[in-house]
Amino acid sequence: MSPTTECRICSGTVTEFFDLGRQPIADAFREPGSTAEEFFYRLAVGTCADCTMAQLMEEVPRDLMFHQDYPYHSSGSTVMRAHFEGVAKRFLTTELTGDDPFLVEIGSNDGIMLKVVAEAGVRHLGVEPSGGVADLAAAQGINVRKDFFEESVALEVLEAHGRADVVFSANTFSHIPYVDSVLAGIRALLAPNGVFVFEDPYLGDIVAKSSFDQIYDEHFYFFTARSVKNMAAASGLELVDVERLPTHGGEIRYTLALSGARTPSAAVRELLAEEDARGLTDAAVLEGFAASVARNRDDLVAELRRLKAEGKRVVGYGATAKSATVLNYAGIGPDLLEFICDSTPAKQGRVTPGTHIPVRPPEAFSSPYPDCALLLAWNHADEIMAKETAYRDAGGTWLTYVPEVRIS
Ligand SMILES: [Zn+2]
């Protein structure tokens, strides 16, 4: 019998389909000498028999994940900067054209999106619990409240600023287990024709690409159109649009409105039909996904051992949060990966969570180049490979593991 737990959305029964074992906090990069007191939990995913929501079986306390030193900066990628500027510009020409509009962003990180809204002179507020990135946004003249967004906070925002035309959230909403409080807050805060728009990794892409490293502590939910529709309905909201995005290995931008306020688009009907045809949250499909990931893990470890046996130097590229999942799940440590290079200063000089591989600045990659690089930031593959043509010219190869293990 697979383990079960209670659904955070509807209190139905969640049955586990995938166990990734003992895992640390994915973004907890430590000083080399201070790895003794690491926090570990069991990373496993299940789906609810009633509302179909895929979710983690165990919840990690939020203060352990999002704090003053949270190291992920949205502005770190040129592609993501362009993406969020595009998002802001679209809101400015669609939802924010009324009289004195107001936009709220949940998890505004370093202000990558709000900067465009602020520069357009539109009222805005970011709600961001991670103090360091919130300070970076505030330093650019962006209005930020350092807090976790929940109902009580939403009501204070409503009192202070009035109703919101747009509540936006990117790569944050799926991080929040207590969605009932968040959705109640959003429902209270939204103007009658306002929208809640959020972008998060799509379970359909994770299953299709075997991109299991999207599963880590911060990603509590793995959404589908069906599960989001069910979740919204339980909170007096309605799924009115979906849009597929190439970001972070495949995401969907969901648009929710107050129930009955807008007519759902054809795209919603089409995606629901596609998910039903695939049997996306059926036990057989999800168990097949788990089996395919286990094969990928074995192939990856075999490949790294082969390279080592041949005397090749292998390093990691991109000490991403998602890399914690693959490294810990596969048991890859400094014996197989010499170091990982990463452009985030807060991670450099530290070691990876759980597996204790040193993290070095990008310059370490080329001095001298390794024989092979494990591409851990595979969701930025195009951007990285375009930047590292000299590595390829020097004979370097890339080792990837999504959707399958491959050297190119
Ligand atoms: Zn449920």
Being buried (at least 24 other Cβ atoms within 10 Å of the Cβ) and of a type in the set (S, T, Y) is the filter here, so list the residues in the range 330-354 that pass it.
T352
Identify, from the list V45, V87, the residue that is touching a Lys or Arg at 6+ places or on another chain (Cβ under 9 Å) and either outside any loop (DSSP other than H, G, I, E, B) or buried (at least 21 other Cβ atoms within 10 Å of the Cβ) (or both).
V87
Does the range 166-184 contain at least one residue that is among the small types (G, A, S) and either within 24 Å of F40 (Cβ to Cβ) or in the same structural domain as A324 (by TED's automatic domain parsing) (or both)?
yes
Lone qualifier among T52, T15, T5 - being within 16 Å of the ligand (Cβ to nearest atom) and at positive phi:
T52
Answer with yes or no whether V240 is part of a strand (DSSP E or B) and closer than 30 Å to A191 by Cβ.
yes
Output the number of residues of the range 219-234 satisfying the condition of being within 12 Å of the ligand (Cβ to nearest atom) and of a type outside the set (A, V, I, L, M).
4
State all residues of the range 335-346 that are under 14 Å from A364 (Cβ atoms) and not β-branched (V, I, T); if no residue qualifies, say none.
L337, E338, F339, C341, D342, S343, P345
Collect the residues in the range 357-370 that are touching a residue at least 24 places away in the same chain (Cβ under 8 Å) and surrounded by fewer than 16 Cβ atoms within 10 Å (Cβ to Cβ), keeping them in residue-number order.
S366
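The values are calculated or read from the model by the stated rules, or taken from the named source; none is laboratory data. Bear in mind that the values here come from a model prediction, so they are computed numbers and not experimental data. Backbone-built Cβ (ideal geometry, glycine too); neighbour counts: all protein chains shown.
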